[in-house]
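Let me begin by presenting the structure, written as structure tokens, before commenting on it.
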Amino acid sequence: MRPDRTRNALRRRLCLSGALALVVTATACRDRAPSASAEGAPSPAVTVTYPVAQQVREQIDVTGTVSPSATVTLVARVQGELKAIGFTDGSNVRKGQLLFRIEPDTYRAQLTYDQASLDNANQELARQKEMAAENATSQSNLQKAQTTRDQAVAKRDMSRINLNYTEIRAPFAGRIGARTVDVGNLVGASDTAKLATLDRIQPAYVDFTLNERDARRLGLFKQDPARRVLVTLPGGKSGETVPLDFVDTRVDQGSGALRMRATVPNHETQFVPGMSVEVHIPASEPQTVLLVPETAISRDQAGASVLVVNPASVVEKRMIATAGLYGTQRAVTAGMTPGDRVVTGGAISVTPGSHVRIASTQQQGRS
């Protein structure tokens, strides 16, 4: 009986040992599973671009305001009933186009009367000259006839001028605003009563200011500074390169700014008076720089930096020196080479030292 009990005890110990071995093995497998998963996880994907080498000029960017190159306030210079309006509010008008007509009848009748008076005065002057030649009249009568004739000429000319004033025509081509009176109203009772305003917007002026330091740097205090500027709509679109045609003779003491003006042809009338535009003033000779997307650049207290992917596919933080902005591209003057792969997408999920894979390369950014 004892040997049987001994064998049974041995079997129980062997079974218990086997069970413990299985538990240990399973636990070890579970402990190793996360490590294996981490080693097999794919690297983050990023999009990169190459810096583009381009010849640019350093420039100063300021904001300008569009204004008409000429403005006239149309008023009635004679009094009368407004008979006709020859334009639509807010429309373009041509030079010489009839804009307003004031009743001409009174002024035409006055011209007829004054012309008749002048004819009589001419006849009397001729008669007095004939009589003076025959010593049949005095010198004073001749002078009086001459004076009467001269006065009649002046009155006739004034009547002719007033008759012309009954038609108000455009002095130049431009865009006219809204009329302030309608047909049938009495106009001309006040010398300052405005009928409408006409603006010449082809060409148009762009007014802007520049601080004294930049103005001196550009040499704008020299006599007749020859310089061209680029005027664009907000966002750098639809630009025109035009000459700088006015630099003020003094710096404003209050603001320390110098007033300037450029003239744009405005053939497509895209520059409207009162609109804010961008003025880009070249500040250096052309130089070759590397351009990278502005969105790829980060800035902190240490300065500007970008993330680049090195040949080992590891992300590095690269400190750079930047210059002007050209559209959506920022000029880089130091810290980068044309072969650097600059991270432009997926940068949120990666940090310096991360191993990454290139999802796509923006080839259009390569020089």
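Each value in this text was obtained by applying a stated rule to the coordinates, not by laboratory testing. Predicted model only: the values in this text are computed from it and were never measured. So basically every Cβ, Gly included, is an ideal-geometry build from the backbone, and we count neighbours across all protein chains shown.
Miscellaneous remarks
- Phi angles across the range 71-80 convert, under the Karplus curve 6.51 cos²θ - 1.76 cosθ + 1.60 with θ = phi - 60°, into 3J(HN,Hα) values of 9, 10, 9, 8, 10, 8, 9, 10, 9, x Hz, Gly and Pro given as x.
- Cleavage-rule hits (chymotrypsin sites (Phe, Trp or Tyr not before Pro)) in the range 193-265: DSSP loop, at most 14 neighbouring Cβ within 10 angstrom: F221
- Here the Gaussian network model covers the chain, with springs between Cα atoms less than 10 Å apart; of D199, D61, D252, D252 fluctuates the most.
- Net charge dipole, the range 261-355: roughly 180 debye, given to the nearest 20, about the Cα centre with Cβ charges of +1 for Lys and Arg and -1 for Asp and Glu.
- Using the Cα coordinates of the range 104-165, the gyration tensor eigenvalues translate into equivalent-ellipsoid semi-axes of 30, 9, 6 Å, sorted from longest to shortest.
- Within the range 260-367, GluC sites (Glu not before Pro) in DSSP loop having at most 12 other beta-carbon neighbours inside 10 Å: E268
- Rounded to the nearest 20 debye, the dipole magnitude of the chain is 2660 debye, with +1 charges on Lys and Arg beta carbons, -1 on Asp and Glu beta carbons, and the Cα centre as origin.
- A straight Cα-to-Cα reach below 22 Å connects K83 with the lysines K95, K194, residues fewer than 8 places away in its own chain not being considered.
- Note on K155: lysines with a C-alpha under 24 Å away, same-chain residues under 8 apart excluded, are K129, K144.
- Under a 5 Å amide H cut-off, with hydrogens placed 1.01 Å from N, R227 pairs with L244 among residues at least 5 apart or on other chains.
- In Å, descending, principal axis extents of the Cα set of the chain: 187, 51, 39
- For the range 104-165, relative contact order (Cα pairs under 8 Å, six or more residues apart, normalised by length) works out to 54 percent.
- Positive-end residue, the chain charge dipole about Cα centroid, Cβ charges, pick of A45, N92, T137: A45
- Residue of I60, I320, I348 that the Gaussian network model of the chain assigns the largest fluctuation, springs spanning Cα pairs under 10 Å: I348
- Estimated vicinal HN-Hα couplings, Hz - the range 144-158 in sequence order (Karplus 6.51, -1.76, 1.60; Gly, Pro = x): 5, 5, 5, 5, 4, 5, 5, 5, 5, 5, 4, 5, 4, 5, 5
- Derived scalar couplings ³J(HN,Hα) [the range 285-300; Karplus, 6.51 cos²θ - 1.76 cosθ + 1.60; whole Hz; x for Gly, Pro]: 6, x, 9, 8, 9, 9, 10, 10, x, 4, 5, 8, 9, 10, 9, 9
- Of Q55, A312, I297, farthest towards positive along the dipole that unit charges on Lys, Arg, Asp, Glu beta carbons give the chain: A312
- Each peptide among 86-95, 158-167 gets the average number of other Cβ atoms lying within 10 Å of its residues, and from highest to lowest they stand as 158-167, 86-95.
- The charge dipole of the range 55-127, taken about the Cα centre with unit charges on the Cβ atoms of Lys, Arg (+1) and Asp, Glu (-1), comes to about 180 debye, rounded to the nearest 20.
- Sites listed here are trypsin sites (Lys or Arg not before Pro) in the range 227-310 whose DSSP assignment is loop and whose Cβ has at most 10 other Cβ atoms within 10 Å: R250.
- Estimated 222 nm signal from helices in the chain, with DSSP H stretches of n ≥ 4 weighted -39500 (n - 2.57), rounded to 500: -9500 deg cm²/dmol
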